[in-house]
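Inspection log for the structure reproduced underneath, given as structure tokens.
Bear in mind that the values in this text are calculations on the coordinates, not laboratory data. In this text the structure is predicted, and so the values were computed from the model without any measurement. No Cβ is skipped: glycine too gets one built from the backbone with ideal geometry, and neighbour counts run over all protein chains shown.
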Amino acid sequence: MFLVDAAKGIAVLTKNKRGINLHTEIPGNIFAHRILKMIKKVFKSIVKIAAVLLSAVIVVTLYAHYTVENTAAGRLYENVDDIPHRKTALVLGTSKKLAGNRENLYYKYRMEAAAELFHAKKVDFLLLSGDNTTVYYDEPSTMKKDLLKMGIPENRIFLDYAGFRTLDSVVRSATIFGQDSITVVSQPFHNKRALYIADHNRIDAIGYNAQTVDIRYGFKTQLREKAARVKMLLDILINTKPKFGGEQIEIK
């Protein structure tokens with residue numbers, strides 16, 4: 001039994017083998033010293049664990065980054081004249097507007113790249129894949145509307161309303177739309193991740209790079225991409241599937 005007094009210290013009441021009560025007092029300064037020593041020990045343990053976890057996060061992040069970069073090497077195209085012909089381009093969606101109704105340059109440049117690719121006869125069809133979580137948010141239909149204005153025939157456009165994530169968009173291009181060979185259209189950092197996902201799903205993919213965005217404009221997006229690549233590795237490790245399946249849709 002312990003009786004603690006912050007000023008006097010601690011009194012320890014115990015019994016010996018004969019059942020006789022023993023009373024021991026530990027001076028306050030010694031007791032405080034022992035408590036402080038214990039706190040320091042716990043703190044050091046926490047710091048060591050935090051350092052190990054931080055190191056692990058850094059290692060995994062770097063591994064994800066360089067693995068994706070190496071996978072995409074030689075498979076991304078900047079010039080429309082250089083890119084090989086593929087039947088279908090998978091155009092990865094994003095919101096048209098940002099907070100405050102500001103223009104989203106990622107969206108603008110992707111639409112321009114998709115139209116350029118089609119008009120150069122480097123693809124025959126555009127598969128527009130994006131988020132349609134609610135009736136008030138519909139990325140594929142928004143993309144279609146803008147691409148029609150850019151001269152793409154309606155019968156050359158197909159929509160995937162369940163492209164909630166890059167993984168969903170890439171995998172569904174094969175499982176739902178029957179494409180085993182595609183050209184992915186997005187910014188370079190996004191194309192690289194899409195190609196890595198395609199490889200692990202036996203889809204022959206190349207990327208056509210939409211114009212990049214100034215790093216000051218897209219800093220948060222670039223930062224999120226680091227985490228997205230780690231999440232991608234985890235998805236592949238646990239064999240994550242698209243959120244929705246569905247009936248086959250033939251692109252023709």
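Key figures for this structure:
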item	result
Reach of LYS40 by Cα under 30 Å, taken over lysines that are not fewer than 8 positions away in the same chain	LYS8, LYS48
Rounded to 5, the percent of DSSP beta bridges in segment 93-252 classed as antiparallel	30 percent
Under 13 Å from the Cα of LYS243 - aspartates and glutamates, other chains or at least 8 residues apart	ASP131, ASP160, ASP168, ASP235
Residues of type lysines that LYS149 reaches as a straight line, Cα spacing below 21 Å, ignoring anything fewer than 8 places off in the same chain	LYS96, LYS97, LYS108, LYS121, LYS122
Helix-only CD estimate at 222 nm, as mean residue ellipticity for the chain, using -39500 (n - 2.57) per DSSP H run (n ≥ 4)	-15000 deg cm²/dmol
Prolate/oblate/rounded call for segment 150-235, Cα gyration tensor, a/c under 1.5 rounded	oblate
Stretchable slack from LEU36 to THR134, in nm (0.36 nm times residue separation minus alpha-carbon distance)	29.7 nm
Spin-label model distance (nm) - GLU247 vs ASN155, 7 Å beyond Cα toward Cβ	2.1 nm
Leading residue at positive end of dipole, the chain (Cβ point charges), from PRO140, ALA99, ILE157	ALA99
Charge sum, other residues only, whose C-beta stays under 13 Å from PHE244's C-beta, Lys/Arg counted +1 and Asp/Glu -1	0
Kirkwood Rh (inverse of mean 1/r, distinct Cα pairs), segment 77-237, angstrom	15.7 Å
Protection proxy ranking, peptides 100-111, 175-186, 159-170, average beta carbon neighbours within 10 Å, highest first	159-170, 175-186, 100-111
Length added when fully stretched, ASP124-THR67, from 0.36 nm per residue minus Cα-Cα	17.4 nm
Charge sum, other residues only, whose C-beta stays under 12 Å from ARG110's C-beta, Lys/Arg counted +1 and Asp/Glu -1	-2
Paramagnetic reach from ARG224 in segment 161-179 [backbone N under 18 Å; point 7 Å along Cα→Cβ]	162-170
Check: segment 20-161 dipole with +1 on Lys, Arg Cβ and -1 on Asp, Glu Cβ, in debye	720 debye
Cβ-based net charge around ASP199, under 15 Å, with every Lys or Arg adding one and every Asp or Glu removing one	+1
For segment 177-220: rounded, prolate or oblate by the Cα gyration tensor [a/c cutoff 1.5]	prolate
For peptides 140-152, 48-60, sequence by mean Cβ density within 10 Å, most packed first	140-152, 48-60
Charge dipole (debye, nearest 20) of the chain; +1 at Cβ of Lys and Arg, -1 at Cβ of Asp and Glu	1760 debye
